[in-house]
Amino acid sequence: MKINSPRGTADLYGEDIDYRNFVIDTARRVFKVFNYKEIITPAFEYTWVFSRSIGEVTDIVQKEMYTFQDKKGRSLTLRPEGTASIARAVIENKMLFENLPLKVFYIGNMFRYERPQKGRMREFWQLGVESIGTDDPLIDAEVIWILNSFFEKLGFKKLVLKINSIGCSECREKFLFEFRKYLKPEVGKLCADCQKRFGKNALRIFDCKKSGCRSVLKKAPSIFSYLCPGCRKNFEEVLKYLEALDINYRIDQSLVRGFDYYTRTIFEIISEDLKSAQNALGGGGRYDNLLKQLGGPDLPATGFAVGIDRTIMLMKQLNLKIKKNEEKARIYLIAMDKNCKLYSLDILRYLREEKFLCDINFNKRSLKKEIKWAGENDYDFILIIGEDEIKNGSITIKDIKKYRQYQVNWENEKEKIKKIIGA
Ligand code: AMP
């Protein structure tokens, strides 16, 4: 039997875990200074949470959700994104009554039944922020500012922020009327999916990557020209804040994003270094009607989500290094026999309490091989405990990086030991 994980999933280990921790630690640090607090929601929800939020005629709801019935026949879905669950959670837990906006962030695995390829998985990880309770354009700018700071802290230099406004429901209605009028004679040139979208949710046609649909869209009216004065002013103010923050943006009037809950300002961060269609690292926008739609208070909101896996993929491709925090020395203790292991426990306990990364030999290898192995595995010091060391109450310390060796007394020379290994 071939042993493999389900298609579109991956095991993370080794270097990938170091990258992942670096990305998540950086995010936590950035989110904290902007005063965002963590929220954890379940990995699955009742299906209606997503179908009502993301939109019945979106690709995600129609084709990509992992939906199943539990033993009592309730329809559940593995979360395909974070925002809908958070909207549900903040309503349910009555978190929206004072001191708005409520600022939260999340880190979690998401599930979409997509065609797996490089940078596109069926289980993937996202981190994101949501700010709920104000439509002040400063909060849109702040959310983009966080996104920008986060990628800067990871070491990225050349990312592009695409931004657009898709207006409120009123401007959208006017736009859709004109857009449908434009499309009507062209419907036959659209792909089968877009022909369905034409009737049910024409805005989604902008999401289509197929060349036939793309060329029909070339001369289409843009929603941007239909923005009502309120939405236009709001968007202009967001841009003014971004300019004051020196955040480079590019207005992209074809940007609509894949969820129906978006309103007004939406954005996406892409890398021009990622040549594939999977070049978006993250995106987000305002969702002023979602809370009400889910049965909560009528409060505007905005947020973004970043793909962790794709961010790591690009970091590796660009050779961006993980900045390790000041780490203490790594120590490998070689105990020559069982008795030596017993004697070593006290030493290991002391070093681990002092927060050194320590390990002891479990393999049956010769001393020479153990020393070679430790050198190849990035240890800084080797401690050797043999019969002689037990007899003298001592430890042999080898500084692998500086090619030095010391003999110290374990009981009486702790200060000297600390000095050698840099405590
Ligand atoms: P979205 O929730 O679709 O706005 O996606 C936000 C970000 O999540 C994207 O820009 C990607 O970086 C990441 N992402 C979305 N779908 C996938 C996927 N299937 N596999 C890996 N990353 C994904």
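Below is a table of values for the structure above.
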item	result
Restricting region 365-415 to residues that are of a type in the set (Phe, Trp, Tyr), free of Cβ contacts under 8 Å to residues at least 60 places away in the same chain and in a loop (DSSP other than H, G, I, E, B), the residue that is surrounded by the most Cβ atoms within 10 Å (Cβ to Cβ)	Tyr379
Residues within region 371-395 that are closer than 15 Å to Leu351 by Cβ and among the β-branched types (Val, Ile, Thr), tallied	4
Unique match (being within 16 Å of the ligand (Cβ to nearest atom), touching a Lys or Arg at 6+ places or on another chain (Cβ under 8 Å) and among the basic types (Lys, Arg)) among Arg29, Arg7	Arg7
Residue in region 305-327 that is touching a Leu at 6+ places or on another chain (Cβ under 6 Å), more than 16 Å from the ligand (Cβ to nearest atom) and either within 27 Å of Gly422 (Cβ to Cβ) or part of a strand (DSSP E or B) (or both) present	no
Only one of Tyr46, Tyr13 that is closer than 24 Å to Gly295 by Cα, out of contact with any Leu (no Cβ under 6 Å at 6 or more places or on another chain), among the aromatic types (Phe, Trp, Tyr) and more than 16 Å from the ligand (Cβ to nearest atom)	Tyr46
Of all residues making up region 236-277, the number that are within 16 Å of the ligand (Cβ to nearest atom) and β-branched (Val, Ile, Thr)	6
Failed item, numbered, when Arg349 is tested on (1) assigned to a helix (DSSP H, G or I); (2) closer than 12 Å to Ile384 by Cα	(2)
Boolean, Lys418 is under 20 Å from Lys355 (Cα atoms), surrounded by 14 or more Cβ atoms within 10 Å (Cβ to Cβ) and not β-branched (Val, Ile, Thr)	no
Residue count for region 40-58, restricted to those that are under 23 Å from the mean Cα position of the chain (by Cα), more than 14 Å from Leu76 (Cα to Cα) and surrounded by fewer than 18 Cβ atoms within 10 Å (Cβ to Cβ)	1
Count of region 328-343 residues which are in a strand (DSSP E or B) and small (Gly, Ala, Ser)	1
Residues of region 127-140 satisfying the condition of being in contact (Cβ under 8 Å) with a residue 12 or more places away in the chain and surrounded by fewer than 21 Cβ atoms within 10 Å (Cβ to Cβ)	Thr134, Asp135, Leu138
First in region 82-96 and closer than 17 Å to Gly284 by Cβ, second anywhere and within 16 Å of the ligand (Cβ to nearest atom) and assigned to a helix (DSSP H, G or I), Cβ under 6 Å, 6 or more apart	Ala84/Val49; Ala84/Phe50; Ala84/Ser53; Ala87/Leu290
Matching residues, region 88-127, being in a loop (DSSP other than H, G, I, E, B), among the basic types (Lys, Arg) and within 11 Å of the ligand (Cβ to nearest atom)	Arg112, Arg115, Lys118, Arg122
Flag for Ile163 being touching a strand residue (DSSP E or B) at 6+ places or on another chain (Cβ under 6 Å), in a helix (DSSP H, G or I) and crowded, with 21+ Cβ neighbours inside 10 Å	no
Residue satisfying all of: in region 67-87; of a type in the set (A, V, I, L, M, F, W, C) and more than 11 Å from the ligand (Cβ to nearest atom); nearest to the chain's Cα centre (by Cα) among these	Ile86
In region 216-254, the residues that are more than 27 Å from Arg180 (Cβ to Cβ) and among the polar types (S, T, N, Q)	Asn248
Filter pass, Ala141 being farther than 23 Å from Asn279 by Cβ, within 12 Å of the ligand (Cβ to nearest atom) and modelled with pLDDT of 95 or more	no
Filter result for Gly55 (in contact (Cβ under 8 Å) with a residue 24 or more places away in the chain and under 30 Å from Arg29 (Cβ atoms))	no
Residues of region 179-200 that turn out to be in a helix (DSSP H, G or I), in contact with a helix residue (DSSP H, G or I) (Cβ under 7 Å, 6 or more places away or on another chain) and over 18 Å from Lys63 (Cα atoms), as a count	6
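The values are calculated or read from the model by the stated rules, or taken from the named source; none is laboratory data. These figures come from a predicted structure and were not determined experimentally. Cβ sites come from the backbone with ideal geometry, for glycine too, and all protein chains shown count toward neighbours.
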